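Here is the structure we will look at, set down as structure tokens.
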Amino acid sequence: LHRQGLQQIKEAHEMEKLNQIRVQFLGKKGPLSQALRGMKDLTAEQRPKVGALANTVRDDLQEAIDQAKKQLEQKATAAKLATEKIDVTLPGKKRRLGTKHVIYQIMDDIEALFIGLGYEVVNGPEVEEDHYNFEMMNLPKDHPARDMQDTFYISDEILMRTQTSPVQARTLEKHDFSEGPLKMISPGKVYRRDTDDATHSHQFNQIEGLVIDKHITMADLKGTLELTARHIFGSEREIRLRPSYFPFTEPSVEVDVSCFACGGEGCKVCKFTGWIEVLGAGMVHQNVLENAGVDSKVYGGFAFGLGPDRFAMLKYGINDIRNFYLNDVRFLEQFKGE
Ligand code: FA5
């Protein structure tokens, strides 16, 4: 049995065959197992001898199988290496590198500016509750100003956020003012049932900003917005604040930047006015603070919501916002970024 086993192992040239041999000789139904099971019928004298012999045969065969297995594996690897030679002198395949989308370049740039000013970056959900998108922002269900932002509703209470302002409410609710003032920005996508045209998209981006502390004034807001506009557009850009209305700020302003898609002469982008609206802002309404449990007699501050899409249009003289979303590589490749 011993010899026969070893011979067969030697002749096995495939893994499968080796496995068969193992089962045949060492398996539960194999001769060795049978011999060991039959020990009970032997005399006390015969038992240790037969036992020792059976063990030796089993160990020998097992070892022979292990070695044969190893050799087969080595052979297989060698054969594989021989056929899979890599010719390192062949020219490589050129990979086309993607570029960061021009809107994300602008957003990252603005984020970096505000991080440098000590702001925290906060994210919020795009599928939002009516409660945060509107009610907490001083827009109860029957408020006429809800019409300012035509909304994609998912159900009565759930919607695609129309603005990044709900992140204000979410952050205010959580902030512990005993640990210091609140300074945050929140970038992200927003959705509106706007008809797409040169300056409107049904999905676009906003960056929300919020600063709440004890002695914040409108001058702080103006300085911050001017810094932002000049950071992105250069110091020669002019900005103007126009009185406006938002339910969540009082007073409210709209901020325009001088149009240079047309060199200030008037064009499609600014509808021949020489100015393009890029953001809304104001001093946070006391109801927004109180709704979030913040004492409006002690704390106050400013908020703004800017449109990076419009920023990118102005900065690069792009006259149609839809270009950002068409994924035309010829357009996107012009903005290689750093
Ligand atoms: C708001 O969404 C306010 N939440 C902004 C705000 C925040 C005001 C905090 C006060 C305090 P508005 O609807 O104006 O405001 O949008 C803000 C900016 O988003 C606009 O100035 C514009 O730059 C951009 N924007 C608005 N609608 C579109 C659109 N359909 N396509 C592209 N950009 C848009």
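A few points about this structure:
- Pairs linking a residue in segment 273-298 that is assigned to a strand (DSSP E or B) to a residue that is open to solvent by less than 70 Å² (accessible area, probe 1.4 Å) and acidic (Asp, Glu), with Cβ atoms under 7 Å and 6 or more positions apart or on different chains, are 275/256; 276/256; 277/254; 277/256; 278/256; 280/254.
- Unmet requirement for residue 128, which otherwise passes all of (1) open to solvent by 70 Å² or more (accessible area, probe 1.4 Å); (2) within 29 Å of residue 232 (Cβ to Cβ): (1)
- Picking from residues in segment 218-252 that are part of a loop (DSSP other than H, G, I, E, B) and in contact (Cβ under 8 Å) with a residue 40 or more places away in the chain, the one that is farthest from the ligand (Cβ to nearest atom) is 247.
- Members of segment 295-338 that are among the aliphatic types (A, V, I, L, M), away from the ligand (no atom under 16 Å from the Cβ) and within 28 Å of residue 122 (Cβ to Cβ): 298
- Being at pLDDT below 95 and under 24 Å from residue 250 (Cα atoms) holds for only one residue in 142, 130, 87, and it is 142.
- Criterion (open to solvent by less than 50 Å² (accessible area, probe 1.4 Å) and farther than 28 Å from residue 232 by Cβ) met by exactly one of 139, 210: 139
- Just so you know, in segment 238-277 the residues that are out of contact with any Ser or Thr (no Cβ under 7 Å at 6 or more places or on another chain) and hydroxyl-bearing (Ser, Thr, Tyr) include one that is modelled with the lowest pLDDT, and it is 273.
- Options 74, 67, 62; residue that is farther than 19 Å from residue 163 by Cα, open to solvent by less than 80 Å² (accessible area, probe 1.4 Å) and part of a helix (DSSP H, G or I): 62
- Residue 181 being more than 13 Å from the ligand (Cβ to nearest atom) and either touching a strand residue (DSSP E or B) at 6+ places or on another chain (Cβ under 6 Å) or among the aliphatic types (A, V, I, L, M) (or both): yes
- Within segment 164-196, the set of residues being open to solvent by 60 Å² or more (accessible area, probe 1.4 Å), among the basic types (Lys, Arg) and assigned to a loop (DSSP other than H, G, I, E, B) comprises 193 only.
- Whichever residue in segment 109-163 is among the small types (Gly, Ala, Ser) and in a helix (DSSP H, G or I) and, among such residues, is nearest to the chain's Cα centre (by Cα): 112
- Members of segment 92-110 found to be surrounded by 11 or more Cβ atoms within 10 Å (Cβ to Cβ) and out of contact with any Pro (no Cβ under 6 Å at 6 or more places or on another chain), listed by number: 99, 100, 101, 102, 104, 105, 108, 109, 110
- Enumeration of residues in segment 284-298 that are closer than 10 Å to residue 169 by Cβ and open to solvent by 70 Å² or more (accessible area, probe 1.4 Å): 291
The values are calculated or read from the model by the stated rules, or taken from the named source; none is laboratory data. Please read all numbers here as calculations on a predicted model, not as lab measurements. Cβ: placed from backbone, ideal geometry, glycine included. Neighbour counts: every protein chain shown. Surface areas here come from the heavy atoms of the whole protein model, side chains and all, with no ligands, DNA or RNA. Shrake-Rupley method; radii C 1.70, N 1.55, O 1.52, S 1.80 Å.
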